[in-house]
Every structure is written in C-alpha cells, then in structure tokens.
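Each remark here refers to the structure printed beneath this line.
The values are calculated or read from the model by the stated rules, or taken from the named source; none is laboratory data. Because the structure is a prediction, the values reported are computed rather than measured. Heads up, the Cβs are rebuilt from the backbone with ideal geometry, glycines too, and the neighbour counts pull from every protein chain shown. Note: accessible area is taken over every heavy atom of the protein model, side chains too, but ligands, DNA and RNA are not part of it. Shrake-Rupley method; radii C 1.70, N 1.55, O 1.52, S 1.80 Å.
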Amino acid sequence: MTRAYNFSAGPATLPEAVLRQAQAELLEWNGVGASIVEISHRSAEFIEVAAQAESDLRTLLAIPDDYAVMFLAGGATTQQALLALNFAAPGQIADYIVSGHWGQTAIKQVRHYVTANVAASSEAGGFTDLPAREHWRLSEGAAYVHITANETIHGVEFRNTPDTGEVPLFADFSSSIASEPVDVSRYGLIYAGAQKNLGPVGVSVVIVRRDLLQREGQPRADIFDYRSHVARDSMLNTPPTWNWYLAGLVFKWMLAEGGVEEFARRNAAKSALVYQAIDDSGGFYRNEVAAAARSRMNIPFFLADDTLTARFVSQSREAGLLALKGHKAVGGIRASLYNAMPVAGAQALVDFMRDFQQRHG
Ligand SMILES: *Cc1c(COP(=O)(O)O)cnc(C)c1O
C-alpha cells in the first residue's frame, strides 16, 4: 500500500496515525463488543468520547470557559444560515466582509433572514487581497460582522484579527482552524466544517460566546436553535458519532504533535516552500495574491502557459501528488497544505514543480 501526498482542498488528507487507529478499532472498540459506530450516542461510553473530544479541542484552541462548543451535523454552509436565525432579528442588518467565494456563499444563506450588508469586498480586484480595514463601511447596530478567516478557493487569509468594536465578530474558520494560535476571545463566534483540518466531513464545530445565546434571533425550529444544542451537549438528536469520534482522534494527534504552536511552525514552513518555488520560477508559475494576505493553507497558482496545466495535473498525479487541479472558479493549480500534510509533502511538491519547469520551461 502506498499513500500518496494528498493536496485535496476538502475532504482532505488525515493523519495516517489516526486512520490506522480508527482501522484497528473499527470492528470492536474499547472492550464494548461492538464498533464505535454501532453504539448509542446516549451510552456512557460514547458520552465519554464526546466529552473528551470537546475537552481536547478546548485545550488545543485555548477556548475560554465563557464560550460554548457544539459538534453539529451538517457543513459550514448550514452554520452560515443558522447564524442569522440565531443572532439577528428579522430583517436586521448583518455586515459581511467578502474576500472570496465563501464570503459570497455566507451571504447567500442569510438573504431571507437579514439585510446582508456588504461592508467591504475585494471582488473588484478578483479576490487577490483582503479589503483594507480602513475602508470597511460597518453598519450602526449590526447583529454581527462576518469574515472568512481563510478563503479556501481564492487563497486569501486574514493574518490579523480585525477589530469590530462592540459588534461581535463571526468567522468562518473551516479551512484554517487549529492551524495556528488564535485569540478566541476576540470573536463572538467561530465555526468550521471538519473536513479541512479537523476530521471527516459531516460534522461542524461551532464555538460561541455564551452571552450571545441570549439573543432572541428569529422564529426557528428547535433543531436550528443553538441554545437547544448547547443545553443538550449537542445531542438534541443523534449526532454524527463516527465523525465526532474521528475528530477526537485528530485532536489527540494534534496535541501529541505539539499543539497549534507546532502546526503554526509547520504550516509556515510548508507554505514558504511553495511560495518560494512560485516566486523563484521567473514567471513560469504565478500566484496573484498580495503577499500579506497569502494563505498558508490553500495556494492557488497558475502556469504562464495554461496549455501545460492539464499536463502538470496528470504528471503530478503519476508522481504521487494528488488533487492539485485548481477549483473550477479560478482554474490553474491549487495546493492545500492542511495540518495533516507533512513538510515532506510540500517538499515533494516543490521538487516536482522545479522538475516540471526544467522539462517544460
Ligand atoms: C469548505 C468550506 C465551506 C463549505 O463547507 P461545507 O461543509 O461544504 O458546507 C465553507 N467555508 C469555507 C471557508 C470552506 O473552506
């Protein structure tokens, strides 16, 4: 068996050690005589797994006690809709900072519930930079300000937490959560689908300042009510138990590897290798994102001769480098370098890029 280096944007590569442990435990888990996927979410055994995962995530991200943590079925897109239902009055203004594709989808999900104000957008520049903070036009009395911490498709990342004063900052951290230390107390709410940096698709993590849960929000079904989920420890209905368990293994792995400080070092090293290879290529490769906003997690780049792109993708696949084809919205190549991608994987990509250029440059 050979596991290739997998640069998929999501669902994405997972730590091999975690997959091996899950494999070893799949038929029979922890002496219960059944698989973890076959036992009740209300069993003492699973409740322990769930609580341990939350506790490990709190340690990993240094989440303060006045923040609740939820593990919810559904993706980041689901949370995007629930933000408005839970935290904004009908028709109230919510401010959105749009720095790429996922900022746009976030707005699409709330159109029926709030007045989504585009307080700033970098669309005119093709999403190659963050909208400068001094040009944001924030609304008086907005329910929240929404940002996308890392734009997975456009490769644009906030490198500093913007100040939004009294209005709580809500952030989509789907593709960069746990990639470096973050001061959670600067945010009203952080959410992330698991399938980029935390585990398998099917579960999302939501971290919310508890006082915000007192907001009335909008008429909504109980199952869409964050308060109900918090009150029932995310077990209002059957949670995605397998995903929760597997994310828990990933949290343990991250802690054992040295925590988010260590992943910050590795992610800086990996992304520096790839950006260096692009910038040193004399224009053969090109990344268009402003240097200060370049993502450490997702690096979209282009070949000067676009007719070589398909060959780059097929030859890299043959060389054991998977899923480098760019998103259809931007084309070109995209390398995703999440926590589970080792530095050796980024090095293998850079070696391939240099070799490819030598053969086709
Ligand atoms: C992948 C992604 C999403 C969408 O996640 P789903 O689980 O497919 O809903 C949203 N935001 C960001 C930043 C993403 O990377």
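The accessible surface of the chain, taken with every protein chain in place and a 1.4 Å probe, is 51 percent carbon and sulfur. Taking the range 150-164 and a reference point 7 angstrom along Cα→Cβ of Trp136, the backbone N atoms nearer than 13 Å belong to 158-164. Remark: accessible surface ordering of Lys325, Lys196, Lys252 (largest first) is Lys325, Lys252, Lys196, probe radius 1.4 Å. The antiparallel fraction among DSSP beta bridges confined to the range 157-307 stands at about 70%.
When both bridge partners sit in the chain, DSSP labels roughly 55% of those beta bridges antiparallel.
For the range 259-360, just say rounded, prolate or oblate: build the C-alpha gyration tensor, square-root its eigenvalues into a ≥ b ≥ c, call rounded for a/c under 1.5, and beyond that prolate if a/b exceeds b/c, oblate if not. Since a/c reaches 1.5 and a/b is larger than b/c, the shape of the range 259-360 is classed as prolate.
Applying Stokes-Einstein at 10 °C and 1.306 mPa s to the Kirkwood radius of the chain, computed over alpha-carbon pairs, gives a translational diffusion coefficient of 75 µm² s⁻¹. Two numbers describe the Cα atoms of the range 1-48: Rg and Dmax, which are 14.2, 38 Å. The dipole here belongs to the range 16-257: it is taken about the Cα centre, uses +1 on the Cβ of Lys and Arg and -1 on the Cβ of Asp and Glu, and is about 460 debye.
If you run the Gaussian network model on the chain, springs between alpha carbon atoms under 10 Å, then out of His135, His229, His112 the most flexible one is His135.
Return the FRET efficiency for the residue pair Ala304, Glu16: r is the Cβ-Cβ distance, R0 is 41 Å, and the value is rounded to the nearest 0.05. Before the final figure, lay out the partial values.
Numbers: r = 36 Å, r/R0 = 0.87.
Using R0 = 41 Å, I get an efficiency of 0.70.
Here the spin labels are modelled as points 7 Å beyond Cα on the Cα-Cβ line, and at Arg3 and Phe224 they lie 3.9 nm apart. Largest mean-square fluctuation among Glu54, Glu123, Glu16, in a Gaussian network model of the chain whose springs join Cα atoms under 10 Å apart, belongs to Glu16.
A simple spin-label model places pseudo-atoms 7 Å from Cα toward Cβ; at Thr115 and Asn30 they are separated by 5.0 nm.
Based on protein heavy atoms only, the chain ends up with 42 Å² per residue of surface accessible to a 1.4 Å probe.
At 7 Å along the Cα-to-beta-carbon direction for both Asp351 and Asn237, put a label point, then send me their distance in nm to one decimal. Here the modelled spin labels are 4.9 nm apart.
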